[in-house]
Amino acid sequence: MLEAVKRSVVRLLVELWLETSRHSWRRRVRAKDSPHVHAAGTNPDRVLIAGDGAATGRGVVTHDLGLSGHLARSLSARTGRATDVDIMVAPDMTAVSCLDGLGRLDLGRFDIVLLALGANEALALAGLREWRLALDEVLADLEAKAPRATEIFLLPIPRFGINPHFPRFLARVIDREVDEMNAVTRGVLALRPRADLIPMALEEVYEPRGPHIYQVWAEAIADRISSTLDPGRPSAGGTDTRDELGRQSSLDRLDLQQDRDHVLDRLTETARQAFGTMIAAVTLVRSDVQIMKSTSGIEPIVLPRSEAFCDMTIRKASHFVIEDARLDSRFADYSMVRDEPAVRFYAGYPIESPDGQRVGALCIMDPEPRQFTLEDAAVLRSLAQGVQAHLWNGSLA
């Protein structure tokens with residue numbers, strides 16, 4: 001009875017502290033900070049970070065300066081490829097709410113899923129049995145829905161005694177809970193070989209001391225997971241194997257009804273000038289046609305999807321290139337190749353909706369054949385991400 005009363009008092013005191021802490025977190029992080037960060041390059045590896053604690057970016061104003069941004073750059077430095085990190089985090093996330101969030105994502109897009117969970121359960125003194133069941137349910141769901149090639153990693157739950165703002169007498173109670181929960185985590189992972197714990201000394205640092213702390217953590221995580229990112233791994237599912245109705249719904253939710261978008265036109269013109277091609281366009285691929293949302297060097301036209309180069313581009317999460325369409329039997333009879341503007345060279349990079357569906361492309365085209373290097377692909381990817389960010393901002397305005 002006395003132990004139950006003590007735990008109730010601890011929970012109440014922790015909740016009072018949390019209210020102050022979460023309010024401070026909300027003030028520091030920009031409300032519209034993008035839940036996506038990118039590191040430059042080509043052939044991107046895709047990482048999902050989900051959870052609370054270190055994953056939320058406390059103490060910095062953008063995810064690019066938090067764990068997510070530093071991890072993207074640290075991984076790219078090791079792999080030589082681009083890295084895209086999607087972020088599903090909240091200061092009050094638990095394993096139960098994480099499971100609900102994962103159910104709304106296309107897990108087939110990710111090469112790595114990194115979980116940072118358990119801090120809120122520890123603060124609530126939720127109990128070891130509840131933690132074991134909730135964590136096991138999250139891992140079971142990931143294993144069922146993510147491709148076999150997707151690697152699953154967990155971060156240990158950090159101790160709270162390192163936080164200079166956390167009451168010392170509460171830290172002693174909570175940290176005992178943390179130690180026991182981490183032991184339970186290791187037991188759960190022993191029965192699930194697809195998931196692994198990343199050994200990290202999270203208890204040695206406290207993130208609001210500065211963004212350099214996130215870099216320290218990111219380097220340690222990247223050292224552990226970079227070796228699992230095999231460049232010969234199976235690629236993400238193409239649009240021919242994914243839910244086409246879902247893709248169309250995502251395109252509709254972008255709500256791109258504005259007839260003329262001068263900012264988008266400037267971005268398109270920048271792409272044309274960057275590569276010195278005759279044509280550049282931002283396209284959207286609907287169920288039966290491709291429309292040109294913005295163009296430079298050509299008037300917007302509507303093409304049957306069966307004759308749209310960009311329909312090929314959206315089938316992969318990387319660039320697509322045709323160096324000479326007249327010499328490729330797949331495209332030689334396309335109207336844009338056979339007739340004006342007599343396109344021979346094409347390069348495109350997919351544009352995604354906020355939920356990860358590939359809905360269109362930024363493309364460049366020219367009547368002359370040409371080669372396209374990996375350096376060119378990195379530039380096109382960067383420009384496409386600028387277009388994508390603008391489309392998202394417009395749809396959320």
Starting from residues that are among the small types (G, A, S) and crowded, with 21+ Cβ neighbours inside 10 Å, keep the ones in region 266-316 and report whichever is nearest to R253 (Cα to Cα). S294
Considering only region 308-321, I want to know if a residue exists there that is farther than 19 Å from L380 by Cβ and among the charged types (D, E, K, R). no
Considering only residues that are aliphatic (A, V, I, L, M) and within 17 Å of the chain's Cα centre (by Cα), which ones fall in region 334-357? I351
Listed by first then second residue, the pairs whose first member lies in region 344-363 and is more than 21 Å from Q273 (Cα to Cα), whose partner is aromatic (F, W, Y) and surrounded by fewer than 24 Cβ atoms within 10 Å (Cβ to Cβ), with beta carbons under 7 Å and at least 6 positions apart or on separate chains, are P354/W392
Just one of the numbered conditions (1) part of a loop (DSSP other than H, G, I, E, B); (2) at pLDDT 85 or above is not true of H165; which one? (2)
Give all pairs with beta carbons closer than 7 Å in which a residue from region 97-119 that is over 17 Å from A317 (Cα atoms) and not assigned by TED's automatic domain parsing to the domain that holds V184 meets a residue that is among the aromatic types (F, W, Y) and at pLDDT 95 or above; count only pairs at least 6 apart in sequence or on separate chains. none
Tell me which residues, restricted to region 347-395, are within 19 Å of L48 (Cα to Cα), hydrophobic (A, V, I, L, M, F, W, C) and surrounded by 24 or more Cβ atoms within 10 Å (Cβ to Cβ). I351
Residue check: is E340 more than 15 Å from T283 (Cβ to Cβ), of a type outside the set (S, T, Y) and not assigned by TED's automatic domain parsing to the domain that holds M88? yes
Residue satisfying all of: in region 117-132; out of contact with any helix residue (DSSP H, G or I) (no Cβ under 6 Å at 6 or more places or on another chain) and in a helix (DSSP H, G or I); surrounded by the fewest Cβ atoms within 10 Å (Cβ to Cβ) among these: R129
Which ones in region 283-312 are of a type in the set (S, T, Y) and closer than 18 Å to F345 by Cβ? T283, T295, S296
Just checking, which of L114, L135 is assigned to a helix (DSSP H, G or I) and surrounded by 18 or more Cβ atoms within 10 Å (Cβ to Cβ)? L135
Can you tell me which residue among D64, D84 is within 27 Å of S227 (Cβ to Cβ), part of a helix (DSSP H, G or I), acidic (D, E) and modelled with pLDDT of 55 or more? D64
Of all residues in region 87-110 being in a loop (DSSP other than H, G, I, E, B) and hydrophobic (A, V, I, L, M, F, W, C), which is farthest from L142 (Cα to Cα)? A90
Determine whether region 148-156 contains at least one residue that is modelled with pLDDT of 90 or more and part of a helix (DSSP H, G or I). no
Looking at (1) over 19 Å from D355 (Cβ atoms); (2) modelled with pLDDT of 65 or more, which one does G101 not meet, given that it meets all the others? (1)
Which numbered condition D179 fails, given (1) of a type in the set (D, E); (2) surrounded by fewer than 22 Cβ atoms within 10 Å (Cβ to Cβ); (3) in contact with an Asp or Glu (Cβ under 8 Å, 6 or more places away or on another chain); (4) under 19 Å from G53 (Cβ atoms): (3)
I want to confirm something. Restricting to region 343-389 and keeping residues that are assigned to a loop (DSSP other than H, G, I, E, B) and either in contact with a Leu (Cβ under 9 Å, 6 or more places away or on another chain) or in the same structural domain as S34 (by TED's automatic domain parsing) (or both), which single residue is farthest from E244 (Cα to Cα)? P369
I need the helices (runs of 4 or more DSSP H) fully contained in region 244-313, keeping only those with at least 1 residues that are within 16 Å of V343 (Cα to Cα) and out of contact with any helix residue (DSSP H, G or I) (no Cβ under 7 Å at 6 or more places or on another chain). 262-275, 309-313
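The values are calculated or read from the model by the stated rules, or taken from the named source; none is laboratory data. Since the structure is predicted, the reported quantities are computational estimates derived from the model, not experimental observations. With ideal geometry, Cβ positions are generated from the backbone for all residues, glycine too; neighbour counts draw on all protein chains shown.
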